[in-house]
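Taking it in order: structure first as structure tokens, then the write-up.
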Amino acid sequence: MSKKLDIRALSKDQLRDFFVDKNDKPFRGNQVYEWLWRKGAHTFEDMTNISKETRLMLENNFVINHIKVDQMQKSKDGTIKNAIKLHDGLIVESVLIPTENRTTACVSSQVGCSLDCNFCATARLKKMRNLNPDEIYDQVVAIDKQSRLYRNHKLSNIVFMGMGEPLLNYKNVLMAIDKITLDDGLGMSPKRITVSTVGIPKMIKKLADDNVKFNLAVSLHSAIDEVRSKMMPINEKSNLDELLDALRYWFSKTKSRVTFEYVVWKGINDKQKDATALAEYCKKIPSKVNLIEYNAIDDGEFQQASEDATNLYIKTLEANKIIVNVRRSRGKDIDAACGQLANKTT
Ligand code: SAH
């Protein structure tokens, strides 16, 4: 028996062509497309304005692969972590993060991760595969539903800060964002979406060339090559100068300020010279800094630096007129915070 194709892997044009090949009208493709994306149909049966005969024909040719929320854990602070089961049984995690009057969805782009950032729990899992556009889209739909149910309002923001490196699944991430932002998908503004990357220069330049409208965040963690390479081996392949060059290109094309994500660790990057290096780096590119709290992972090798060290960074950055925010962790009690996503549900 031949394997049926996932119908949501087809673009709108491909779907229209499919119907033309079957001697139907291209318009039929639009109708089915709307059912698949905007209306979120889970079965061909659901497509009530499509004839029974056509539905059967679709059934014979395609499957609709939907994700399933397999387990849901709620934190004391309202954060919800979902273990998401994919059609092939693999699991990724997506997190709902509530803030005063917003809800942010933190979504995954890959199953596991191929990078070896030594402070991140996801790095301990090897990369199994990329997520498909529909698997990314469905995570957003699932969190939007939870937001309406538990927070009484719709989802307001999306961050690609779950499992995986979004720029190593470039095509699918961009296709998913298209569906999330287009009117025949969820119609969300790209300004409410942030893609976070370890900083792969070639792919950042590609984003700029592709004229994307979402925000870019780069996990920096040090503006000194030796220190950054120790924490993030990717820095050995492309160093801070190359990253800067790509970010300047990004800014020249998009005019969008980059956000640097930065953890201050005890004994690693908690000295004045580290803060000064960051300030100098930021001065070279329109940017702002999010200081994020370190979430310890099991082996306890690294520790969050003292409050004094954080204050030293704030003072140094502000003295250089660089915007700095301190981001408190959410959902720590259920291992849902940044870098804690490792399919631990017990
Ligand atoms: N691969 C992408 C997105 C996933 S990580 C990236 O690296 O940006 C999302 C953010 O969490 C990154 O800024 C990452 O550096 C940070 N992070 C990873 N492990 C962490 C931990 N244990 N505590 C706090 N932040 C962590």
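The values are calculated or read from the model by the stated rules, or taken from the named source; none is laboratory data. Nothing here was measured: the structure is a model prediction, and the numbers come from that model. For neighbour counting, all protein chains shown are included, and Cβ atoms are generated from backbone atoms with ideal geometry for every residue, glycine included. We work out accessible area using only protein heavy atoms, side chains counted, and drop any ligands, DNA or RNA first. Shrake-Rupley method; radii C 1.70, N 1.55, O 1.52, S 1.80 Å.
Determine, yes or no, whether HIS87 is open to solvent by 80 Å² or more (accessible area, probe 1.4 Å), at pLDDT below 95 and within 19 Å of MET175 (Cβ to Cβ).
Yes.
Checking ILE200 against (1) touching a helix residue (DSSP H, G or I) at 6+ places or on another chain (Cβ under 9 Å); (2) closer than 21 Å to ILE64 by Cβ, only one condition comes out false. Which one?
Exception for ILE200: condition (2).
Step by step: first the residues of segment 295-337, then only those that are in a helix (DSSP H, G or I) and within 19 Å of THR122 (Cβ to Cβ), then the one that is nearest to the ligand (Cβ to nearest atom). Which residue is that?
The residue in question is LYS332.
Out of all the residues in segment 37-63, which are at pLDDT below 95, open to solvent by less than 30 Å² (accessible area, probe 1.4 Å) and in contact with an Asp or Glu (Cβ under 8 Å, 6 or more places away or on another chain)?
The answer is TRP37, and nothing else.
Yes or no, residue by residue, for (1) closer than 23 Å to VAL140 by Cα; (2) touching a residue at least 60 places away in the same chain (Cβ under 8 Å):
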position: ALA9; (1), (2): yes, yes
position: PRO26; (1), (2): no, no
position: ASP70; (1), (2): yes, no
position: ILE80; (1), (2): yes, yes
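May I ask you to list the residues in segment 74-84 that are in a strand (DSSP E or B) and open to solvent by 40 Å² or more (accessible area, probe 1.4 Å)?
Once the filter is applied, which keeps residues that are in a strand (DSSP E or B) and open to solvent by 40 Å² or more (accessible area, probe 1.4 Å), segment 74-84 yields only LYS74.
Out of the residues in segment 303-321 that are hydrophobic (A, V, I, L, M, F, W, C) and open to solvent by 20 Å² or more (accessible area, probe 1.4 Å), which is farthest from SER252 (Cα to Cα)?
Looking at residues that are hydrophobic (A, V, I, L, M, F, W, C) and open to solvent by 20 Å² or more (accessible area, probe 1.4 Å), I get LEU312.
Are there any pairs, at least 6 apart or on different chains, whose C-beta atoms fall under 7 Å, with the first in segment 156-168 and aromatic (Phe, Trp, Tyr) and the second near the ligand (Cβ under 7 Å from one of its atoms), and if so, which?
Listed by first residue and then by second, the contacts come to PHE160/PRO166; PHE160/SER196.
I want to confirm something. Restricting to segment 90-128 and keeping residues that are assigned to a helix (DSSP H, G or I) and not β-branched (Val, Ile, Thr), which single residue is most open to solvent (accessible area, probe 1.4 Å)?
Looking at residues that are assigned to a helix (DSSP H, G or I) and not β-branched (Val, Ile, Thr), I get ARG124.
In this structure, does ASP13 turn out to be exposed (fewer than 15 other Cβ atoms within 10 Å of the Cβ) and of a type in the set (Asp, Glu)?
So ASP13 fits the description; yes.
I need the full set of residues from segment 151-189 which are of a type outside the set (A, V, I, L, M, F, W, C), part of a helix (DSSP H, G or I) and in contact with a Ser or Thr (Cβ under 9 Å, 6 or more places away or on another chain), in order please.
ARG151, PRO166, ASN169, ASN172, THR181
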